[in-house]
Each structure stands twice: as C-alpha cells, then as structure tokens.
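*Asks:* Let me begin by handing over the structure; questions about it come next.
The values are calculated or read from the model by the stated rules, or taken from the named source; none is laboratory data. Note that this is a predicted model, so its numbers are computed, not measured. Here Cβ is always computed from backbone atoms with ideal geometry, including for glycine, and neighbour counts include all displayed protein chains.
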Amino acid sequence: MTLFKALKFMCITALAVNLSAEELTGEAIMQTMEDTRRSTNDSSFTRLKLSSCTFGVNKGRIACGERPRVKVLESVSINHGKDNKDTKSLTITLEPPAERGIGMLTYGYDEAGRNNQTWLYLSALGRVKRIAGGDSDEETEPASIFGSEFTTEDTDTGKLAEYSFKLLEDATQSGRRVWKVESLPNAERAKKSRYSRTVHYIDQERYVVLRSEMYDKYGKEIKRVMASRVELVNDNWLARSVTMMNLVSNRLSNMAFVEIYTDLDINDAFLTQRTLTDNAYRETGLEALRAQTQ
Amino acid sequence: MLKRLFLYPFAIALLVLATLVAGQGTKAEEPTGDPFGDELNFDDDLFGDAFDSPETTKEASWLDGFTVRLSQQLYWQVNNHSVEPRPGLRIPKQADLENNRLGLNFRYQNAFAPGWLLQFTGQARWYWKDDYEYQANNDSIATEYRINELYLQRSFDQQSLKFGRQTVVWGETVGNSVLDVINHTEFRDFTIIDIEDARLNQWMLVWDVFAADSQWSSFINLYPEFNPVAVPGSPFYANTGYNIGDYKRGSQTLFEAGTQWRKSFESSDISFMAAYLYENQLRYDYPVAGYGDALAKKNDFVLLGFSANRAIGKLLLNADLAVSLGVLPNESPFPGITVAGSGLDIEKDQLGASLGFEYAISSDQSISLGVQANKVLNESKGLTPQQTIVNEGIFGSWLVRYRNALSNGNLVISSTLQGDLAADSLFVSLGLDYSINDHWAVAGQIISTTANQQTPMVMFDADVRVGATVTYSF
C-alpha cells in the first residue's frame, strides 16, 4: 500500500501538461495523471493529519457528529524498479499516544496481478511481521488505512491496465472546469474490487481530482471523495485536503497534507525493514529528512 | 463451555454494556433524503485546524518522548465450584475478586544525537483492596515498580549495537513458537495470557548487521534470568509446603548467546538461528530435609532453529523448527506452570515444530492458528525399566486467535482458544476492546478454563473469570 503516493493520485496535479485534442481520451487523461503523480511524488517526505468522524447534516451542511479521531503520520516514499513505476514507502504513527511508533513498510508494484508487500512493526510483537493482506473482493471491504475511511483499494497505485476509462463530459466542480472520467475495472480486477464503477472529476487546468464517486455493483454510490485547498506546493498543484465520505456508514475521513516535500535525497536503504526495528537509524534518517526541508 | 458462559449474567451484562458504550457516538442528525446531491454542501473547515496549527510550530521538548498509559483493572473469578486434582480430593473455590489494581506504564524514547537512542519503558502497579497482592501484603495496599526496557542504542553504517534491558524474539508462529524462548516470561495470573504481554526483558548486548534484504542479529546475555515464581495468592500459586524460589547462582557465571540470520524474498522470509540458552522455567527438586527451600535447577541446552513464512494472497503460512540438544525435557506444556520433584535429571535431545497460519477473512477479520509439537528423541535412553519421562510421545499445545475490528478499529472483538495436544485442558477467552477516543479505552473479557487430572491446569478447572479495564493514554 503506497498510502501517500496514492492519495496524491486522488489529489495531486500535473505540471503544466496539456493533452492535445486528439489525445483527449479518458485513458490518456488518467495515464497523464499517473505519470505526473510519479514525477511529482518521487522522494517525498510528508507529514499529515488523518481525522475521522461520523457525520450528519446540520443546517444543510455536512458536520461531524462527534469529536474527530486524529492520527498524525509521517511518511517517506521513493519510486524504483522498471521505469521507476514501483514504490517503496514507510509510514510512522506519531499520534495518538497509544499508537506512537507503529511503523509500516510497503513495497508497491505497478505490474498487474503482482501483490504488494507489507511489513509491520509493533513493539508488542517485538519483531517485524509480514502482513498478508491480499486483495479484497466485491463483497468485502478492503483494509482500512490507519482506521480511516481510506482503504488499500482507494490508495492502490499503477495497474492502470486493469481498468478501462471513458471521458464522459465536461462539467463544473467547485467553480472549476473539470473532465468527468469513468473508470471501469476489467473482469479480473472486478473480482477484487468493491467498486464496479468510479467517476473522477479532474481539474482541466491543474490536473487535480476534485471529486470522485465510487459505485457498488448495484449502481449505488457508496463513497465520495472531495478535494479542496488546491495550492501550489513545491511547484506542483496539490489538493492539501482530501475527504473520503462513506455514504453507507455516514463516516468520513479527512487527510490533511500538513507538510509535503518532494525531490529529497532519500537513501534506498532507508526504505528497508531496518528502519522499522532500528529506532536510532530511523530517527537519524527522519531528522536528516526534516533538515532537508528547512 | 459455552453453556458455562451463559450461567454468569454478570459477565454477559458487562459485555453487553461495553457493546452499548461502543455503539454510542453519533450525536449529529443522520442524513435524510439525499444530502449528497451534486451541490453537496461540504467544506473542510471541519478540519481547518489541521492547517492552522502545523506540528512544526511546536517547540521540540525532551518531554515529547514520553508516552504514558494509566489503567484500572478489575477481575473476578465468578464460579463457585470445586476442583479435584486427585480422585477423592476436592478443593472448594469461591467466587472472588482477584485483581483490583491501578497500572501506570510509560515509554520514553529520545534520539539524543545522530545514531544514538535511549529507550526506557517501565511500569508501576498499585494493588487495591481485595486484589490478591493486597491480601498477600497483609491486607494493605501493595505497590510494585519495574523497569521493562532500558537500553542505549548506537547505529552506524550497516550496524547497530543495543545494550541494556530488551527483548529478542525469534520465530514466526503467532503466540506459540518453539523458537520464542530467548526472554523469560511471567504468566502471573490470567490477565496476562499472551506471550507478547508476558515477555520480560533481560540485560543483553545485541549486535545487528544489516544488508539490503538480510540481517545478522546476535546477542549475549551475561545475566540470564528465569521465570519468576507466582506470588502467594495469585491463581498460579500453589502452596506445596516448601519454598519455590529463584535459582541460587552463587559465584557461578551464567550466560546465554545466540545468532540469527534472516533473509527476505518476495512473499517470504526465512531465518536460521543457533543459541546456547537456559530453559526459562526452572526445575525443582524436593528439599533434602523434606521442608524448606526446594532446590532450583537450571537447564542449559543448545538450540538450532529454522523459521519461514510464505504469503499467499490473504494467507500467511508460518513454520518454526527447533532442535534442542542436551535439554532436560519439559514437564508442562504451559509456561508458568511449575512441576516440582517430577523430573529426571537426564539430558535429552528434543525436536520441536510450530506450524501455523494467519488468514485475513476480510480487512476487519482475521484468524490465526498455531500448533506446537515436541518430541523427545531418545526417550528411554538412561532410564531404568521402571522410569518414564513426563511427556512421552508427541506433546505440545495449540492456539487459535480470532479478531474482528468493527467501526474502523474502534471496537475490536477477539477470542483466544488454547489447549494442549493431549486434550487435557482448554482455555477460552472472549474479549471486547473499545476506543472511546484517542485517549480513553475500555475493555471487557471473559475467560473460561477446563482441565482434567492429567495436567496441573486441573487447579483451574471450571474457573470462569470476568474482567474489565479502563485505560487512559497520553
């Protein structure tokens, strides 16, 4: 699971890349976004807040029905492998106190059908543990990301060959001109997916996904992503606030990119199991990254 | 077993109460009609403070390294019954409050210089009225402090050195590995039933050498410790009429040492290991005079091991193999259970294997199974025709754990079943943990034990325990 790279799939922008009219297909738009995501997300260090709450409607507006649960995370990611399409990412929990220090290392693969690898370090276990997550199926919800409404399926990257895309129409979303692109999983992917159809609203100028709607096999919208606070960060357009609403459970999670830095000097060795267990090495590496961001 | 659970309405009521508590939380009006139309009235000011107060504006303080957990725990043995350890000998057991204690656990971590780290974890316990420790302390509040971890780490290049109190965990099988024997353990009572919670730290020097996909890890322990003896009043305490104490090491120098090589492949990890160890559980001979201090005896041996895992979709297969050379054979399949005076001081070789799997039924539900089996290789060697070893043939234990996380992990239902391969005992636990918010959590648990006269666990036959814990973390 390449959490933060993938979340940027929902929100990160393209550079000033524009597709010519003859290239303007759903697949071309998505491929451009994917390529851009990789180029803008390589060697990144991110600090974010993940807030979750049940929600209701108060005076016509969506509102939390309880005090949100907040997790603060730090993440380091690099691209590697053939054509730099695979990813390695490390995520460390800073808050809440009860979960402080929990670390997760993920190797994600672009190749269709190739399972990602995940290792977890919990101090109670006293060792690094491989996690066999596998894929979900159309009946079961994929794994939640740190207890949020974002799931491993929402954050999976690459593997575009497992989908077909169709440009539906031009539209307006949050005052911006957008393309509506429909994404349909192929037969093999559909067996593993909770979503039978997804519609993305993509900012035509900044290549940011401003909204996504996920539908189940009965055609019912079950989840919706809303992105906002689109800002130019480190020369890339970025939606710094991404909210996933579960329309079935009435619970939402907001991911706030409090800090994000890209194109940092990150050693491959930092994205290994050593970083999970060797606290001195990990803290030294993180300090070095923080220093690079100053 | 299940029938027994239903006999105790209090226990059920506790869990129902916890479930009701877990169901609370949504105070806002639920959406009606279609509030999710195209012009959804949503803005992220809900979480605006995430940006208004970025973490980096906080001034770093050494206090940031502290994590503290406070917990108040109550546990009852709720079944009025009797046990029959030997035919005709019935011992009554009354329903009783066993645990009433406040715990404080803290963790401190400070990477005070590049490549250096200090880690310190400890705990304090206050035993209130009716806790068995309170009763053992002449009916007055007892206090206990303990350093768990305290180590200094230096990492440089491809290496790491850690010196201090720490744990070393070997093996892959969840909770039931024949290789997870480096650190000693304390199963003081039934509130600690998982080995992950029972491990005690020891003073060790650990040296790790890292490569891209592999790791050498070696340790030396210059002060090996043994499983502590159950305190009077605890469920595991048995009044034998003589004193069961720690090993009297005198001027002897004891040490343990071992090394492990681990390598990761895609979808699999493997390890090889070798160590010189002492069995964590001491053996005891009857006092020479028939009373006074039982004679504690150490039990050193050489361990050779191999472990591997393999991920296949949602399934993770685990295997551990252990060869123990020159060991005095185990007397009880359950750690923490001491058998006095039944051992034969004849070293044997023993083969152990743990096989298990973990399966993710869904993203929220998982189940794991671990089976540990042991066989003494040269059972009759050195024995007279009238002698037998305690564990003939294949002996061991099995462990099943089930976990279901609801409400995105805020509510966790878990169950543990544990028994020995001879089917002489069965342990069933049902737990419910609910995180009220980022600081407060509550937990409830029901534990039932069944055993026959073939096992020391018979002392817990027909016991039913109910417990609740409230935790605050900051």
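*Asks:* Would you mention how many residues in the stretch B:126-135 are surrounded by fewer than 19 Cβ atoms within 10 Å (Cβ to Cβ) and either of a type in the set (Phe, Trp, Tyr) or within 24 Å of the chain's Cα centre (by Cα) (or both)?
*Replies:* 2
*Asks:* With within 14 Å of chain B (Cβ to nearest Cβ) and within 14 Å of the chain's Cα centre (by Cα) as the only criterion, which of A:91, A:54, A:87, A:106 stands out? Full working, then the answer.
*Replies:* Details: A:91 fails: within 14 Å of chain B (Cβ to nearest Cβ); A:54 fails: within 14 Å of the chain's Cα centre (by Cα); A:87 fails: within 14 Å of chain B (Cβ to nearest Cβ).
Of the residues listed, the single one that is within 14 Å of chain B (Cβ to nearest Cβ) and within 14 Å of the chain's Cα centre (by Cα) is A:106.
*Asks:* Can you find a residue in the stretch B:369-379 that is away from every other protein chain (no Cβ under 14 Å), polar (S, T, N, Q), under 26 Å from residue B:303 (Cβ atoms) and surrounded by 18 or more Cβ atoms within 10 Å (Cβ to Cβ)?
*Replies:* yes
*Asks:* Then there is this: Quick one: which strands (runs of 3 or more DSSP E) sit completely within the stretch B:66-171 and have at least 3 residues that are within 14 Å of chain A (Cβ to nearest Cβ)?
*Replies:* Working: elements: B:66-77, B:81-86, B:89-93, B:96-113, B:116-127, B:142-156, B:159-166.
Because the criterion is at least 3 residues that are within 14 Å of chain A (Cβ to nearest Cβ), the strands (runs of 3 or more DSSP E) in the stretch B:66-171 that meet it are B:66-77, B:96-113, B:116-127, B:142-156, B:159-166.
*Asks:* List every residue pair whose Cβ atoms sit under 9 Å apart, with the two residues 6 or more apart in sequence or on different chains, where the first one lies in the stretch B:423-434 and is surrounded by fewer than 21 Cβ atoms within 10 Å (Cβ to Cβ) and the second, anywhere, is of a type in the set (Ser, Thr, Tyr) and not in a strand (DSSP E or B).
*Replies:* B:424/B:455
*Asks:* Further question: Within the stretch B:276-291, can you find the residues that are of a type in the set (S, T, N, Q) and farther than 26 Å from residue B:221 by Cα? Steps first, answer last, please.
*Replies:* So the first thing to find is which residues in the stretch B:276-291 are of a type in the set (S, T, N, Q), and the list is B:280-281.
Result: no residue meets the conditions.
*Asks:* Please enumerate the residues belonging to the stretch B:325-349 that are modelled with pLDDT of 60 or more, assigned to a strand (DSSP E or B) and out of contact with any Pro (no Cβ under 6 Å at 6 or more places or on another chain). It would help to see each step written out before you state the result.
*Replies:* Of all residues in the stretch B:325-349, those modelled with pLDDT of 60 or more come to B:325-331, B:344-349.
If we keep only those that are assigned to a strand (DSSP E or B) as well, we get B:325-327, B:348-349.
Matches in the stretch B:325-349: B:325, B:326, B:327, B:349.
*Asks:* I'd like to verify a number: residues in the stretch B:424-459 that are under 22 Å from residue B:470 (Cα atoms) and hydroxyl-bearing (Ser, Thr, Tyr), how many?
*Replies:* Of the residues in the stretch B:424-459, 4 are under 22 Å from residue B:470 (Cα atoms) and hydroxyl-bearing (Ser, Thr, Tyr).
*Asks:* Would you say residue A:253 is in contact (Cβ under 8 Å) with a residue 40 or more places away in the chain, more than 26 Å from residue A:161 (Cα to Cα), surrounded by fewer than 19 Cβ atoms within 10 Å (Cβ to Cβ) and polar (S, T, N, Q)?
*Replies:* Numbers: in contact (Cβ under 8 Å) with a residue 40 or more places away in the chain: yes; more than 26 Å from residue A:161 (Cα to Cα): yes; surrounded by fewer than 19 Cβ atoms within 10 Å (Cβ to Cβ): no; polar (S, T, N, Q): yes.
Taking the combined requirement at face value, the residue does not satisfy it.
*Asks:* Say whether the condition of being touching a Ser or Thr at 6+ places or on another chain (Cβ under 8 Å), surrounded by fewer than 19 Cβ atoms within 10 Å (Cβ to Cβ) and within 12 Å of chain A (Cβ to nearest Cβ) is met by at least one residue in the stretch B:242-250.
*Replies:* Start the filter on the stretch B:242-250 by keeping residues that are touching a Ser or Thr at 6+ places or on another chain (Cβ under 8 Å), which leaves B:244.
With the extra rule that they be surrounded by fewer than 19 Cβ atoms within 10 Å (Cβ to Cβ), the set shrinks to B:244.
Then drop every residue that is not within 12 Å of chain A (Cβ to nearest Cβ), which leaves none.
Scanning the stretch B:242-250 turns up no residue that is touching a Ser or Thr at 6+ places or on another chain (Cβ under 8 Å), surrounded by fewer than 19 Cβ atoms within 10 Å (Cβ to Cβ) and within 12 Å of chain A (Cβ to nearest Cβ).
*Asks:* I'm trying to understand the selection: among the residues of the stretch B:254-282, which are part of a loop (DSSP other than H, G, I, E, B), touching a residue at least 24 places away in the same chain (Cβ under 8 Å) and over 22 Å from the mean Cα position of the chain (by Cα)? Explain how you work it out, then say what you get.
*Replies:* We begin by selecting, within the stretch B:254-282, every residue part of a loop (DSSP other than H, G, I, E, B); these are B:254-255, B:266-267, B:279-282.
Cutting the leftovers down to touching a residue at least 24 places away in the same chain (Cβ under 8 Å) gives us B:254-255, B:267, B:279-282.
Passing the criteria: B:254, B:255, B:267.
*Asks:* Of everything in the stretch A:256-270, what is outside any strand (DSSP E or B), in contact (Cβ under 8 Å) with a residue 40 or more places away in the chain and either facing chain B (nearest Cβ under 8 Å) or not aliphatic (A, V, I, L, M) (or both)? Give them in sequence order.
*Replies:* Answer for the stretch A:256-270, where residues must be outside any strand (DSSP E or B), in contact (Cβ under 8 Å) with a residue 40 or more places away in the chain and either facing chain B (nearest Cβ under 8 Å) or not aliphatic (A, V, I, L, M) (or both): A:262, A:263, A:265, A:268, A:270.
*Asks:* Residue A:172: β-branched (Val, Ile, Thr) and more than 27 Å from residue A:260 (Cβ to Cβ), yes or no? Can you show your working first?
*Replies:* On the way: β-branched (Val, Ile, Thr): yes; more than 27 Å from residue A:260 (Cβ to Cβ): yes.
Spelling it out, residue A:172 is indeed β-branched (Val, Ile, Thr) and more than 27 Å from residue A:260 (Cβ to Cβ).
Residue-wise test of (1) touching a helix residue (DSSP H, G or I) at 6+ places or on another chain (Cβ under 6 Å); (2) among the hydrophobic types (A, V, I, L, M, F, W, C); (3) not in a strand (DSSP E or B).
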{"site": "A:72", "(1), (2), (3)": "no, yes, no"}
{"site": "A:83", "(1), (2), (3)": "no, no, yes"}
{"site": "A:92", "(1), (2), (3)": "no, yes, no"}
{"site": "A:98", "(1), (2), (3)": "no, yes, yes"}
{"site": "A:105", "(1), (2), (3)": "yes, yes, no"}
{"site": "A:111", "(1), (2), (3)": "no, no, yes"}
{"site": "A:114", "(1), (2), (3)": "no, no, yes"}
{"site": "A:124", "(1), (2), (3)": "yes, yes, yes"}
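*Asks:* Can you find a residue in the stretch B:137-149 that is under 23 Å from the mean Cα position of the chain (by Cα) and buried (at least 21 other Cβ atoms within 10 Å of the Cβ)? Write out each step before concluding.
*Replies:* First, the residues of the stretch B:137-149 that are under 23 Å from the mean Cα position of the chain (by Cα): B:143-149.
Filter once more, keeping what is buried (at least 21 other Cβ atoms within 10 Å of the Cβ): none.
No, the stretch B:137-149 contains no residue that is under 23 Å from the mean Cα position of the chain (by Cα) and buried (at least 21 other Cβ atoms within 10 Å of the Cβ).
*Asks:* Would you call residue B:246 assigned to a loop (DSSP other than H, G, I, E, B) and free of Cβ contacts under 8 Å to residues at least 60 places away in the same chain? Let's see the steps before the verdict.
*Replies:* Details: assigned to a loop (DSSP other than H, G, I, E, B): yes; free of Cβ contacts under 8 Å to residues at least 60 places away in the same chain: yes.
Answer is yes for this residue.
*Asks:* Still on this structure, I have one more. So which residues in the stretch B:361-410 are outside any strand (DSSP E or B) and of a type in the set (Lys, Arg)? Full working, then the answer.
*Replies:* The first filter runs over the stretch B:361-410 and keeps only residues outside any strand (DSSP E or B), leaving B:361-364, B:377-393, B:407-410.
Once the filter is applied, which keeps residues that are outside any strand (DSSP E or B) and of a type in the set (Lys, Arg), the stretch B:361-410 yields only B:381.
*Asks:* Consider only pairs whose beta carbons are under 6 Å apart and that are at least six residues apart or on different chains; among these, list those whose first residue lies in the stretch B:130-151 and is free of Cβ contacts under 8 Å to residues at least 40 places away in the same chain and whose second residue is outside any strand (DSSP E or B).
*Replies:* What qualifies is B:142/B:133; B:142/B:134.
*Asks:* Same structure, new question: If residue B:192 meets every condition in (1) of a type in the set (Val, Ile, Thr); (2) surrounded by fewer than 19 Cβ atoms within 10 Å (Cβ to Cβ); (3) at the interface with chain A (Cβ under 10 Å from one of its Cβ atoms) apart from one, which number is that one?
*Replies:* For residue B:192, the exception is condition (3).
*Asks:* While we're looking at this one, here's another question. Whether any residue in the stretch B:431-444 is touching a helix residue (DSSP H, G or I) at 6+ places or on another chain (Cβ under 6 Å), under 30 Å from residue A:70 (Cα atoms) and not in a strand (DSSP E or B) is what I want to check.
*Replies:* no
*Asks:* Also, I was wondering about something else. Of everything in the stretch B:283-296, what is assigned to a strand (DSSP E or B) and more than 17 Å from residue B:350 (Cβ to Cβ)? Give them in sequence order.
*Replies:* At the first step, the residues of the stretch B:283-296 found to be assigned to a strand (DSSP E or B) are B:283-285, B:292-293, B:295-296.
Within the stretch B:283-296, B:284, B:285, B:292, B:293, B:295, B:296 qualify.
*Asks:* Pairs only if they're at least six apart or on different chains, beta carbon under 7 angstrom, first in the stretch B:108-122 and within 12 Å of residue B:68 (Cα to Cα) and in contact (Cβ under 8 Å) with a residue 40 or more places away in the chain, second surrounded by fewer than 19 Cβ atoms within 10 Å (Cβ to Cβ) and aromatic (Phe, Trp, Tyr); list them, first residue then second.
*Replies:* So the pair list comes out as B:108/B:66.
*Asks:* Restricted to the stretch B:369-416, and to residues that are farther than 28 Å from residue B:431 by Cα and of a type in the set (Gly, Ala, Ser), which residue is farthest from the chain's Cα centre (by Cα)?
*Replies:* Only one residue tops the list, namely B:382.
*Asks:* Next up: Could you tell me how many of the residues in the stretch B:78-125 are of a type in the set (Ser, Thr, Tyr) and surrounded by 14 or more Cβ atoms within 10 Å (Cβ to Cβ)? It would help to see each step written out before you state the result.
*Replies:* So the first thing to find is which residues in the stretch B:78-125 are of a type in the set (Ser, Thr, Tyr), and the list is B:82, B:108, B:121.
From the residues that got through so far, the ones that are surrounded by 14 or more Cβ atoms within 10 Å (Cβ to Cβ) too are B:108, B:121.
Total meeting the criteria: 2.
*Asks:* Quick one: in the stretch B:150-187, which of the residues that are surrounded by fewer than 18 Cβ atoms within 10 Å (Cβ to Cβ) and of a type in the set (D, E, K, R) is farthest from residue B:325 (Cα to Cα)?
*Replies:* In this case the residue turns out to be B:157.
*Asks:* When you scan the stretch A:203-223, do you find a residue that is closer than 30 Å to residue B:109 by Cα, touching a Phe, Trp or Tyr at 6+ places or on another chain (Cβ under 9 Å), at the interface with another protein chain (Cβ under 8 Å from one of its Cβ atoms) and part of a strand (DSSP E or B), even just one?
*Replies:* Taking the stretch A:203-223 as the starting set, the residues that turn out to be closer than 30 Å to residue B:109 by Cα are none.
No, there is no match, as no residue in the stretch A:203-223 is closer than 30 Å to residue B:109 by Cα, touching a Phe, Trp or Tyr at 6+ places or on another chain (Cβ under 9 Å), at the interface with another protein chain (Cβ under 8 Å from one of its Cβ atoms) and part of a strand (DSSP E or B).
*Asks:* Taking residue A:243, is it more than 11 Å from every other protein chain (Cβ to nearest Cβ), in a strand (DSSP E or B) and either crowded, with 23+ Cβ neighbours inside 10 Å or of a type outside the set (A, V, I, L, M, F, W, C) (or both)? If you could, list the steps in order and put the result at the bottom.
*Replies:* Values: more than 11 Å from every other protein chain (Cβ to nearest Cβ): no; in a strand (DSSP E or B): yes; either crowded, with 23+ Cβ neighbours inside 10 Å or of a type outside the set (A, V, I, L, M, F, W, C) (or both): yes.
No.
*Asks:* OK, next. Would you be able to say whether some residue in the stretch A:273-281 is away from chain B (no Cβ under 11 Å) and β-branched (Val, Ile, Thr)?
*Replies:* Checked the stretch A:273-281: no residue is away from chain B (no Cβ under 11 Å) and β-branched (Val, Ile, Thr).
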